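Everything on this sheet refers to the single structure shown next.
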C-alpha cells in the first residue's frame, strides 16, 4: 500500500515520506511547519502523475514539475522530484542501477495521486 507519512524531524520540524508497505521510496527536506509538509504532499498528488522524467546523466534538461535521474558522488543513481522553481521536493535513496532510480520515479508518478496520508507526528494537530 502506498502512503504519504508526515513524520517528526529535528528541532520541532516535519518531513514527508512516500512509502510502499514499510519501504521508504522518497523523502522530503524538513519543513518548519506541518502545513509545509502537507503542501508538499498536495503538490506531489497534483503534479507527479504528469511530470516528465529527465535523465541528467544523459544531458537531458527539463522545466516545470519533473523527476530527475541523477548520478550521485558515489557512482550510484537517485531520483528527485523538482518543482517549477527548481526546488527539490523529495529524493530517493541511491541505487546501483540507473533503471532502479527510474523505476522509483515511475512508481511515485503512478501512485502518488491515490496514496493515503498518515500523520505520524507526536502532536497530530496541524
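Table for the structure above
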{"read-out": "Net lengthening on full extension, residue 13/residue 97 (0.36 nm per residue, minus Cα-Cα)", "value": "27.0 nm"}
{"read-out": "Rg ratio (alpha-carbon, reference 2.2 N^0.38 Å) - the range 1-49", "value": "1.09"}
{"read-out": "FRET efficiency, 1/(1 + (r/R0)^6) with R0 25 Å, evaluated for residue 114 and residue 83 via beta carbons", "value": "0.75"}
{"read-out": "Helix-derived mean residue ellipticity, 222 nm - over the chain, DSSP H n ≥ 4, -39500 (n - 2.57), to 500", "value": "-7000 deg cm²/dmol"}
{"read-out": "Among (1) 0.92; (2) 0.96; (3) 1.18, the entry that matches Rg/Rh (Cα atoms, Kirkwood Rh) as calculated here", "value": "(2)"}
{"read-out": "Length-normalised contact order of the chain in % [C-alpha pairs under 8 Å, at least 6 apart]", "value": "27 percent"}
{"read-out": "Efficiency of FRET from Cβ geometry, residue 122 and residue 57, R₀ 30 Å, rounded to 0.05", "value": "0.15"}
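Here, each number is a calculation from the coordinates, and none is a lab measurement. All values reported here derive from a predicted model rather than from experimental measurement. In this analysis, Cβ positions are derived from the backbone assuming ideal geometry, glycine residues included, and neighbour counts consider all displayed protein chains.
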